[in-house]
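The values are calculated or read from the model by the stated rules, or taken from the named source; none is laboratory data. None of these values were measured; they are calculated from a predicted model. Cβ coordinates were reconstructed from backbone atoms using ideal geometry, including for glycine residues, and neighbour counts include every protein chain displayed. These accessible areas exclude ligands, DNA and RNA; they are computed on the full protein's heavy atoms, side chains included. Shrake-Rupley method; radii C 1.70, N 1.55, O 1.52, S 1.80 Å.
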Amino acid sequence: MANFLHENDLPDGLELGPVVAVDCETMGLRIHRDRLCAVQVSGGDGDAHVVRIDAGRREAPNLCVILNDPDVLKLFHFGRFDIAVLHHAFQALAAPVYCTKIASRLVRTNSDRHGLKDLLGDLLQVEITKKEQSSDWGADRFTAMQIDYAASDVLYLHRLREKLDERLCREGREHLARYCFEFLPARALLDLAGWQDTDIFSH
């Protein structure tokens, strides 16, 4: 198991399998203002690949192949944000997708804690630190702590999905989750188009 750092794109020939965990680091939470700084991925084998993105970078062909591949399921935690960020940066719309935050909200109705740190602690007994979350992701070089932090956001999503799928099945809500995941790319596009604070389904 290892964490690998790459510059601006994944390396040629990297095979990550049919289910790939994906996460992003940005300078902030306003997509049109705060640039994408890193994308991290994992195929669920214990390895993580962290891609540092230069300011103004508009292409990442190898990464986009994965995002656009209809035969590769992309795992996210709060996919709504990451899908929008990736589309804004590279014009690649990730699909099909699975979001562990949405799955958690559908089955863990006994809790209002749906952050990744909470889910990993509650469902997998894995403790991660969020200390580096607000570090300078726009730096020209990442620290070892930043790389480890970025990796931790994708290394456990495959196992987390398994636990959440068990509960979705138990509660009979797999179909609701599937419909939500199918709509998620469109929700991200609505955010980018200006409807991020509007419930278009309200009266």
What are the residues in the stretch 44-63 that are within 14 Å of the chain's Cα centre (by Cα) and either within 16 Å of Asp12 (Cβ to Cβ) or among the charged types (D, E, K, R) (or both), if any? His49, Val51, Leu63
Looking at the stretch 191-203, which of the residues that are in a helix (DSSP H, G or I) and of a type outside the set (A, V, I, L, M) is least open to solvent (accessible area, probe 1.4 Å)? Asp191
Looking at the structure I just gave you, is Gln91 at pLDDT 95 or above and at positive phi? yes
Residue in the stretch 19-32 that is touching a residue at least 12 places away in the same chain (Cβ under 8 Å), more than 25 Å from Asp136 (Cβ to Cβ) and either loosely packed, with under 13 Cβ neighbours inside 10 Å or of a type in the set (Val, Ile, Thr) (or both) present: yes
Could you say which residue among Val154, Val97, Val126 is within 20 Å of Gly43 (Cβ to Cβ), in contact with a Pro (Cβ under 7 Å, 6 or more places away or on another chain) and surrounded by 15 or more Cβ atoms within 10 Å (Cβ to Cβ)? Val97
